[in-house]
Amino acid sequence: SMPAMNITGTATNYQKEPNKSRSDMEFMGMKISQGYDGQTPWAIDPQSGKPVEMNPTQAREMKHGASGTSALLNPAKFGYTYTLKPKESLDGKEYIVIEISHDDGFKSTQYIDPTTFLTYKTSSLTLNQAGVEVPSETILGDYRKEGTMMIPHKITVKQGGQVFVEVTVREVSFNSGLEDTLFTIAK
């Protein structure tokens, strides 16, 4: 949901290691698809159904969002550098802080719960709906065991301090045999 705009909808997100992603969303009868095939970020215009070019910042964010656990396990290969920062206190609790620097200059910060070692929050700069760069926070919660992994089932995204998106995860599946063609631009 997008509370500020009073919009709700559904989304299906796909991720394939090492660096492919796709989101298919439906809001108010409009279908929106966007993805990254490991080389090219793409989006489909919901009005025309035709491919549209993303601006450089959107393309960069798609590329970063597509990196999965491979980037954690082999950061140099994906152009990432992880830096342990001093612990920070948020809402009365101290968190482990890791800064992630990308080879293109983008930086984000992860706040990790020292008890569970699960990510509580990620912060960075992003573009808002008007195309202006603003602080963004993604807060992860309601972790549940899915297979052998702990997966957040509640995700809140704030832009400029205001709730922009609230996500409730309803289903998770792993190793479902996704074909690479799912991540290429639909024509």
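Roughly how tilted is helix 56-66, in degrees to the nearest 10 and between 0 and 90, from the longest Cα axis of the chain?
Relative to the chain, helix 56-66 is tipped by roughly 70 degrees.
Cut-off under 18 Å on the C-alpha distance; same-chain residues fewer than 8 positions from Lys145 excluded. Which aspartates and glutamates are left, in chain and number order?
Leaving aside aspartates and glutamates fewer than 8 places away in the same chain, those within reach of Lys145 are Asp113, Glu171.
With charges set only on the Cβ (+1 for Lys and Arg, -1 for Asp and Glu), what does the dipole of the range 136-184 come to about its Cα centre, in debye to the nearest 20?
Magnitude of the dipole: close to 240 debye.
So with the 1.4 Å probe, I'd like the accessible area per residue for the range 1-120, rounded to whole Å².
Normalised by residue count, the accessible surface of the range 1-120 is 61 Å².
Do the alpha carbons of any pairs in Lys50/Lys121; Lys31/Lys154; Lys16/Lys158; Lys20/Lys93 sit beyond 31 Å of each other, and which pairs? Display every interim value, and only then the final one.
Details: Lys50/Lys121 35 Å; Lys31/Lys154 23 Å; Lys16/Lys158 26 Å; Lys20/Lys93 34 Å.
Check vs 31 Å cut-off fails for Lys50/Lys121; Lys20/Lys93.
Ignoring ligands, DNA and RNA, what percent of the 1.4 Å accessible area of the range 90-134 is carbon and sulfur? Don't skip to the end; give the middle numbers.
Values: 1210 of 2420 Å².
That share works out to 50 percent.
The values are calculated or read from the model by the stated rules, or taken from the named source; none is laboratory data. Small disclaimer: the values here were computed from a predicted structure and weren't measured. Note: ideal-geometry Cβ built from the backbone for every residue, glycine included; neighbour counts use all protein chains shown. To get the accessible areas, we keep the full protein, side chains included, count just its heavy atoms, and leave off ligands, DNA and RNA. Shrake-Rupley method; radii C 1.70, N 1.55, O 1.52, S 1.80 Å.
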